[in-house]
Amino acid sequence: MAEISRRSLFGGALAGGVVLGMGGAAPVAMAAAAAAPPPRQTGQTSMIDVPFAAHSVVRVGLIGLGNRGGGMSGEWARVPGCVVTAVCDIRRDRAQNVADQLVAAGRPRPAVHGGTDVSYQALLDQADIDLVYIATPWEFHYVQARDAMLAGKHVAVELPIATSLTELWSLVDTSERTRKHLMLAENCCYGADELAMLKMSRAGVFGEVTNGHGGYLHDLRALLFNDGYYTDDWRRLWHTRSKASFYHMHGLAPVSAAMNINRGDRYTTVSATSTAARGLADYRQRFVPQGHRSWNETYINGDLVTCHIGTANGHNIRTEHDVSTPRPYSRINSVAGTRGLFEGYSGSASGSRVYFEPAHTDHGWRDFGTYGEQYKHWLVAKLAGSGGGHGGMDFIMAWRTVQLMRSGLVPDIDVYDSAAWCAPIPLSVDSIALSGAAVEVPDFTRGDWGTARPGLDSAVSDMPTGGGTLTPLASLAAAFDNVGITSETNVKPGDFDGTGNSFSAEKLAAAGLTAGATFTALGASIKWPTGIGKINNVMGRGQVIKQTGKGSKLVVVGSGIGTAPSGAVVVKYTDGTTVSGTITFPNWTAPAAGGATVVAASVGRNRQNGYGDTGYSYKIFAHSVTLDPAKTVDTVTLPVNSNLHFFGMGVAP
Ligand SMILES: NC(=O)c1ccc[n+]([C@@H]2O[C@H](COP(=O)([O-])OP(=O)(O)OC[C@H]3O[C@@H](n4cnc5c(N)ncnc54)[C@H](O)[C@@H]3O)[C@@H](O)[C@H]2O)c1
């Protein structure tokens, strides 16, 4: 993907962090000027406290269906009032598998996109998506998240949202300009202990919280060297690119929430250190056969990367990142203040421990168990027993995100939180390169960090009742979810048949179907789609589509893959009565059959390697459903058969 910058691939090295305190007043003054937030464009305003518009149903598109995306697909799909309407993976079979799993679980079939690195664009073009969830390798997050907002979608991005300061600012600006929310999909913010720690902190149990400690200590060596676990070795390869705190957010985010970052305080500086890079090479030496491709790699990221983050209120947070050495898992999760402290991962009975005045005066730790109950967050109480990945927090995150959108509430995690939590990635690169000198953290809120706001410490609220009702899509074009026609000069986006082939726009025009032009099929006047190389037809997935008119028949125009796919089209009239008819579109290479007639036969087709297969003709067919001419059509429900592709629809007199 051309747009993925060298900078992001290299961990945001020298991404604009500014050195502080190196040589006295002059550098600091320069730093302040250089680190001033870039000005907002005219009309661009903050997203702080901006609620979602209320959605009756939240329609989610998923990009990246590997370990994480595949798992999260089920979590999103089981939230009441949430429908997964599209799935995408560069490996199309993974998207197809997830679609099949959702159908097997009784969910509607989502549109399937995949095959190329631009396939996600077709998903973003779908009108029936409100929220995009991105779980691709890190190097794709920025471009995909930005494009999602530009396409008018809210976006939840797996860790990290981006890896350079330029990209982080770009995401903040894109959110503010498009008025779409971006959230880091930080599931650990929804952990039971993390949320109880937050509540205790906000309740003042620890006094003024002056310091916190979090991170990501996870022995990933076996997975990093496992052929096939991380697709194309993407995660191991990051360790060849830069010395950086790649993935501290699971620990930093909950601690920052408990310390009111962007809600009364803000990060001001990052000083980072890195140990030598030893762990991965040592593991490879002992466990990876000579000749394995990893033997060509040189690991440069330190085994332990530590960031010291200073805050405007004089507080301090320490983060640690180590995925390269043997150790039990920990996100550390600790905060301490003038009256007491909390420590996660302590090895105590509940896994966490506390000590605070005036209750405790004997210098002895207390198990967190009873306090965890006392300060239980309402989300944890409400969704206890719901199951889900990572001890339930994956489902809580999905449920809460959908609830916020359905209810029209302010997000718990906004673009400013997300950018701040990820900023130590590029800033650690800068600071490590400067032997640990403090570098300045930009204020992504542009001055709005000082006001207390609830964030994750939210008021109790409920999911809107019922599963939500999908309103009919405004037109067939609003339901488009497949790129079936491409230009011979740009074949790559095409995927009519699920293997990257598509109709040639030029040959269809020669056969009488020109983009945007009106044609007649079975007596109905129908407009041919305009989007060449964009989504321009819809696969039958049971979508309900608004259609007006009175006449003798509803005419549908399209084509099929597989062998003569067919299904029932249901027409609802404005008086509430319905009529249905079975329609068939033969395979696009086949002659007319099953009651379908040929509208156009185009010579050859576009393949991923260009126009070809000229010995065949690829056809567009028409079929119809008989109507009661006395009644007015209100909606059309497409068949549930994604081998049926619809390009146009109209009512014949
Ligand atoms: N929050 C958590 O608890 C958690 C847990 C695991 C992973 N993650 C995050 O999830 C993301 C994915 O990690 P993973 O372990 O699932 O990796 P993975 O390699 O298993 O999955 C990545 C998927 O993205 C696909 N992909 C790659 N490039 C693409 C593109 N341009 N368009 C569409 N699809 C593309 C790959 O084919 C693959 O299926 C990472 O950001 C990771 O940090 C988060």
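Cα extents for the range 477-652 along the principal axes, largest to smallest and rounded to whole angstrom: 50, 29, 24.
What is the magnitude of the charge dipole of the chain about its Cα centre, with +1 placed on the Cβ of each Lys and Arg, -1 on the Cβ of each Asp and Glu, and no other charges, expressed in debye to the nearest 20? Intermediate values should be presented prior to the final figure.
Values: 54 positive and 54 negative charges, 228 e Å.
With only Lys, Arg, Asp and Glu charged at Cβ, the dipole is about 1100 debye.
If we count every other residue with Cβ under 12 angstrom of LYS631's Cβ, Lys/Arg +1 and Asp/Glu -1, where does the sum land? Cβ neighbours under 12 Å give a net charge of -1. Local charge for GLY387 was computed over the other residues whose Cβ lies under 15 Å away, with Lys and Arg +1 and Asp and Glu -1, and equals 0.
For a straight C-alpha distance cut-off of 23 angstrom, the lysines reachable from LYS572 (same-chain residues fewer than eight places away being disregarded) are LYS527, LYS546, LYS550, LYS553, LYS631. A viscosity of 0.692 mPa s and a temperature of 37 °C, combined with the Kirkwood radius over Cα pairs in Stokes-Einstein, give a translational diffusion coefficient for the range 444-527 of 179 µm²/s. Rg ratio for the chain: its Cα radius of gyration over 2.2 N^0.38 Å, N being its residue count, equals 1.06. The modelled label-to-label distance between ASP100 and THR471, using points 7 Å beyond Cα along the C-beta direction, is 3.6 nm.
When we measure straight from the Cα of LYS376, which lysines land under 17 angstrom away, once same-chain ones fewer than 8 places off are left out? Cα-Cα hits under 17 Å: LYS199.
Each peptide in 550-560, 459-469, 168-178, 190-200 gets a packing score, the mean of other Cβ atoms within 10 Å over its residues, and the list from highest to lowest is 190-200, 550-560, 168-178, 459-469. When the Cα centres of the range 105-130 and the range 445-523 are compared, how far apart do they sit, in Å? Each part's Cα centre sits 8 Å from the other's.
Looking at the P(r) of the range 147-305, how many percent of alpha-carbon pairs lie beyond 20 Å? Provide the component values of the computation, followed by the final result.
Numbers: 7798 of 12561 pairs.
Pairs farther apart than 20 Å: 62 percent.
The angle between the Cα long axis of helix 393-407 and the main principal axis of the chain comes to about 60°, on a 0 to 90 degree scale.
Taking a sphere under 12 Å around the Cβ of VAL112 and counting the other residues whose Cβ falls inside, with K and R at +1 and D and E at -1, yields a net charge of -1. Each peptide in 244-251, 138-145 receives the mean, over its residues, of other Cβ atoms within 10 Å, and ordering these scores from highest gives 244-251, 138-145. Sorting 352-359, 129-136 by average packing, meaning the other beta carbons within 10 Å per residue, from highest down gives 129-136, 352-359.
Any read-out appearing in this document is the output of simple, stated calculations on the displayed coordinates, not a laboratory observation. Note that the structure is a prediction, hence the values are computed from the model and not measured. Every residue, glycine as well, gets a Cβ built from its backbone with ideal geometry; the counts of neighbours run over all protein chains shown.
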